[in-house]
Amino acid sequence: EALDALEAALAEPDERRRAAVSSVVARFPRFLDGWARLGELARDDVEAYACFRVAYHRGLDRLRQSGWRGSGYVRWRHETNRGFLRALQGLGRRAAAIGEHDEAERCAQFLDQLDPELARGTEG
């Protein structure tokens, strides 16, 4: 249901897309890809950073609840990982944009550990 709602929101015209995705996130606040997509549609770097950070932390919690112990692959090819990985990518980009270069580097390293193909741009 959340994925269908997000797909419909992303299909909205440009001028309504951000508000539509925001409504999806309000309805499904645990939907990681909703937060990540909202970050992609943010009005500025700080707003984007905040959205990506929410998705990132919720994603870490979800991974841990699923038995992930802080190391090992989290691959893009598994659709359930895409919201988290999209958030991690976005967080790294926006961290760099606001001058948080150490955080941007940590995000890049973490992404490389989780999915080296995605980090190299050969996946996703």
Between 0 and 90°, nearest 10: helix 45-65 axis offset from the chain longest Cα axis: 60
Alpha carbon convex hull of segment 2-120, volume per residue in cubic angstrom: 101
When ranked by the protection proxy of mean other Cβ atoms within 10 Å per residue, highest first, what sequence do the peptides 86-94, 3-11, 51-59, 65-73 form? 86-94, 51-59, 3-11, 65-73
For the chain, what does the helix formula give at 222 nm: sum of -39500 (n - 2.57) over DSSP H segments with n ≥ 4, over the residue count, nearest 500 deg cm²/dmol? -22500 deg cm²/dmol
Relative to 2.2 N^0.38 Å, what does the C-alpha radius of gyration of segment 60-124 come to as a ratio? Two decimals please. 1.09
Give the angle, between 0 and 90 degrees and rounded to the nearest 10, that separates the Cα long axis of helix 101-114 from the longest principal axis of the Cα atoms of the chain. 80
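Every read-out reported here was derived from the displayed coordinates using simple, explicitly stated rules and does not represent laboratory data. Predicted model only: the values in this text are computed from it and were never measured. So basically every Cβ, Gly included, is an ideal-geometry build from the backbone, and we count neighbours across all protein chains shown.
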